[in-house]
Structure formats: C-alpha cells, structure tokens
1. So which trypsin sites (Lys or Arg not before Pro) in the stretch 20-113 are both in a DSSP loop and have at most 10 other Cβ atoms within 10 Å of their Cβ?
2. Ranked highest first by average number of other Cβ atoms within 10 Å, how do 85-95, 100-110 line up?
3. By how many nm would the segment from Ala145 to Leu72 grow when fully extended, if each residue of separation counts as 0.36 nm and the alpha-carbon distance is taken off?
4. Show that you can apply the helix-only estimate: for the chain, add -39,500 (n - 2.57) for every DSSP H stretch of four or more residues, divide by all residues, and state [θ] at 222 nm to the nearest 500.
5. Sticking with the crude label model, points 7 Å out along Cα→Cβ, report the distance from Glu65 to Arg117 in nm, one decimal please.
6. Quick one: of Lys21/Lys113; Lys10/Lys113; Lys8/Lys78; Lys45/Lys143; Lys79/Lys99, which pairs are farther than 19 Å apart, Cα to Cα?
7. What is the spin-label model distance, in nm, from Glu52 to Asp156 if the labels are put 7 Å beyond Cα along the C-beta direction?
8. If each of Asp33 and Ser110 carries a label point 7 Å out from its Cα toward its Cβ, how far apart are those two points in nm?
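Read-outs throughout are calculated quantities, based only on the coordinates presented, and are distinct from any laboratory measurement. Worth saying up front: this structure is predicted, and the values here are computed from it rather than measured. A quick note on method: Cβ atoms are made from the backbone with ideal geometry, for glycine too, and the neighbour counts reach across all protein chains shown.
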Amino acid sequence: MEFNNIQKEKIYLTGFMGTGKTTVGKLLAEHLDYRFIDTDDLIEKESGMTIEEIFNIHGEEYFRELERKVLLSTFNLKKAVISTGGGLATYQDNIQLVKANGVAVTLSASHEKIISRIASDANIRPLLQGDDREEKLNKLIQKRAYYYISAHFVIDTTNLTPHQIVENICKKAGI
C-alpha cells in the first residue's frame, strides 16, 4: 500500500486498550522525530476532567463527541504520531476520517496478552468496571473488531517488542 507524503505526516494508532498504543506511539514518535499526541490526554486537558469522570458524569456518548472533536483538531498537524482511545475507531465515521488524513495503524494482541497488560493498570477502564471484566473485554473486542481491521494495516503486538512494532509500522507505511 502506498501512502502520500501528507498521510505520512500523521500516524494514527488505533486498537483496543492494552495493545501498546501509548508505548509504541512514544517510541515511534521519537524514532521519526515526530511529536507524540494521546487523544485521551487532550480530552482530559480540554475538559478538565479524567476520562473516568467524564464517563461517570456525562456518559459515553458525551465522551465520544469530545473524542471526535479532538480527533478533528489533529488533522491540521504535521509530523505527529497520534494514539487514539480504544473506542475512537468505532464511533461514526472516525476510522474513515483517520484513513483520509493519515496512516491508520491498528495494534492488536491476544485476549490473554491484553488482560495481562491491563491487569496491572491502576485505573480500571470505564467500560470494564464492575464484575466480569474478562467477559466485558471479550464482548468489546468482538464488537470493535470490524472497525479495527478497517485501518490501513493491523500489527499483532502479542509477541513483538515495542522496537519491532515500530520497525513494522515504518516498513508498512514506507517511512
């Protein structure tokens, strides 16, 4: 797949929580001498609330609207790696917009690897709170799979190091 120079100026990392978007995104940005942006961080900064507070006070729909607004604001950036929230690709036509404005990369991992990675998270993600975290996680992954595979390409991070993932992204994106 060939990408134009404008697309190559923005690399969007999508995928489920725990697939390595933040870790890989920071490393990729450093490797390319791009800046790193996390859409969840931008949402928290803009709203003055944590993601969990936004979900608890305003609900998921409100959060998705904030997320979309932040996404749209990234389209004018140059030389940026943008790590998106796990659900961004599933809302409205976000994945199509991402593909039109940059290189869309989905990071995936086995369910077991995701569970082990997020188990050490101090913050339980809003959509996984309560009992049956593993069941909720499996349902969310199944629900979102179609959107994730709609990216330009998918990289399974289960058995790769962050450096190997960065190499794969650069090779597939032609940068």
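1. Details: sites: Lys21, Lys26, Arg35, Lys45, Arg64, Arg68, Lys69, Lys78, Lys79, Lys99, Lys113; in loops: Lys78, Lys79.
Within the stretch 20-113, the qualifying trypsin sites (Lys or Arg not before Pro) (loop, at most 10 other Cβ atoms within 10 Å) are Lys78.
2. On the way: 85-95: 19.9, 100-110: 21.9.
Ranking the peptides 85-95, 100-110 by packing returns 100-110, 85-95.
3. On the way: separation 73, 0.36 × 73 = 26.28 nm, distance 2.27 nm.
Gain on stretching Ala145 to Leu72: 24.0 nm.
4. Working: 9 runs with 92 residues, N = 175.
-15500 deg cm²/dmol, from helical runs alone.
5. A separation of 3.1 nm, rounded to one decimal place.
6. Details: Lys21/Lys113 14 Å; Lys10/Lys113 27 Å; Lys8/Lys78 9 Å; Lys45/Lys143 29 Å; Lys79/Lys99 16 Å.
Pairs exceeding the cut-off: Lys10/Lys113; Lys45/Lys143.
7. 3.3
8. Result: 3.9 nm between the two label points.
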